[in-house]
1. Ignoring ligands, DNA and RNA, how do ARG185, ARG393 rank by accessible area with a 1.4 Å probe, largest first?
2. Compute for the range 1-157: radius of gyration divided by Kirkwood radius, i.e. Rg/Rh, restricted to C-alpha atoms, rounded to two decimals.
3. For the range 85-103 and the range 1-26, what is the separation of their C-alpha centers, rounded to whole Å?
4. Does anything in the range 326-350 have its amide N under 19 Å from the 7 Å Cα→Cβ label point of TYR40, and if so which residues?
5. May I ask you to compute the full-extension gain from ARG302 to SER433, defined as 0.36 nm times their residue separation minus their alpha-carbon distance, rounded to one decimal in nm?
6. Could you go through the range 147-160 in sequence order and give the Karplus-derived ³J(HN,Hα) for each residue, using 6.51 cos²θ - 1.76 cosθ + 1.60 with θ = phi - 60°, rounded to whole Hz, and x for Gly and Pro?
7. Quickly rank 407-416, 69-78, 321-330 as a protection proxy: mean count of other C-beta atoms within 10 Å, highest first.
8. Given R₀ = 60 Å, what would the calculated FRET efficiency be for ARG407 paired with HIS158, taking r from the Cβ atoms and rounding to 0.05?
Amino acid sequence: MKIFVIGAGQVGSTIVEALHDEHDLTVMDLDASRLIPLAYRYDVSTVEGNGASRRSLAEAGVGEADLVIACTSRDEANLVAGSFARVEAPKATTVIRASNIEYIDLWREGRLDLDFIVSSELETAHAIARTIGVPAARQTDVFAEGQVQIVEFVVDPHADGDPIGVPLREARRIPEDSKVASIIRGDTMILPRGDERIHPGDRVVVIGSPRAAQAWSELLSPGGATVRDVVVYGAGRVGTAIARQLLEQGIQVRVIETNTARAREVAEELPNARVYNASGTDPDFLERERIGHAQVAIFAMRDDARNLFDATLAKVHGVSFTIAIVHEPVSRAVYERSGVDVTVNPRQVTAEEIVRFAHDPRTQQVTMLEGDRFEVLDIVVRPESEYAGKAFREMPIRGALIGAVVRNGEAIFPHGDDVLEAGDRVIVFTESSRVPTVEKAL
């Protein structure tokens, strides 16, 4: 597939990293300093130019593209680029990134001629809401209209007892409607068989029903209560989107914003939230409003260093579970080493949503794990697939594991004697490098 990417920032770079092996990529950006590292690291074509210029797009060859992605940090530039791409490459699929909810509403109403708009803010809000729903999760996503959940857990270094240290086939507490898709131990990925064991400190990827995901959370983090009280630090676009999403789920939300005018705007916009015009570092405020009693604190300010400091201070005051937005990739490791429980990179989740358009057309959803080392695909089985008609126990492993099947609209969590049928939707875990092979086999 020929893919034309407009914007070589963090979203564009993540897309290039995920797709460069199997596709013919051209990347356009006004800033040559962003293009040089991509050209050096990957086999991609780069063009220094303005993606919001029809002439520049035409000269760069956008008309030959099968997929056009406009993912700069400016909504208006992406809208213009997408509109021009529709003219120059009418047969191409056009996807843009946008932050302003008004543009997304216009697109949903059919008033913008684009195939898809991806919102960093909404994708981030959804990712955080899913994580809050499974207290012990490091990352989670849902498939098949919410019937199937993929969850990555980090096993406590001091964990003990079934299912920790027990051969999986002998573990009695593992929910039936779930499957251990992978055990990640250091730099090694294990597709587990029945004699494999989960060790303390492992990262475990589980595919199961939402009920099973909650049961796994309780197994790996006993006593994790349903979240009802959340504090959001920062009332920018991301923080506001997160607060709105949580309010819609019936969660009590308190928002802390230092800018007086912005605090007033959000208080009017979200009447069901308690909005404070205050500093999250003021000890008197933290004590008076009992911020430390919140079950979860989310740090959605624009500055990574400030997010880290405020998250650390919140821990000191008693908040047990913290989630921080990552703006710079290097910050993620710093956050995690400093005790932040979960990190979410808006650019990563945006790229993840966009990347699926470059997969096989049968692929309905993609989730990337561990910095795109692994992927979970939702894909339909072809009648010609070598796996169709086979019992699961007869299937070769080949670096992939099918964790769930959706048949006639119902999710099935298969066992060895179950048979895969043509037309089934399968939720499959694999290494990212093996995705083309897996898609071809299915």
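1. Numbers: ARG185 75, ARG393 160 Å².
Putting ARG185, ARG393 in descending order of accessible area: ARG393, ARG185.
2. Values: Rg = 17.4 Å, Rh = 16.8 Å.
On the Cα set of the range 1-157, Rg over Rh gives 1.03.
3. 16 Å
4. 329-330
5. Working: separation 131, 0.36 × 131 = 47.16 nm, distance 3.31 nm.
Extra length available between ARG302 and SER433 comes to 43.9 nm.
6. Along the range 147-160, the couplings run 7, 10, 10, 9, 9, 10, 10, 9, 6, 4, x, 9, 5, 7 Hz.
7. Numbers: 407-416: 13.8, 69-78: 22.4, 321-330: 19.9.
Final packing ranking: 69-78, 321-330, 407-416.
8. On the way: r = 41 Å, r/R0 = 0.68.
It comes to 0.90.
The values are calculated or read from the model by the stated rules, or taken from the named source; none is laboratory data. Here the structure is a predicted model, which means the values were calculated and not measured. All Cβ positions, even for glycine, are placed from backbone atoms using ideal geometry, and neighbour counts span all protein chains on display. Note: areas computed on protein heavy atoms with side chains; ligands, DNA, RNA excluded. Shrake-Rupley method; radii C 1.70, N 1.55, O 1.52, S 1.80 Å.
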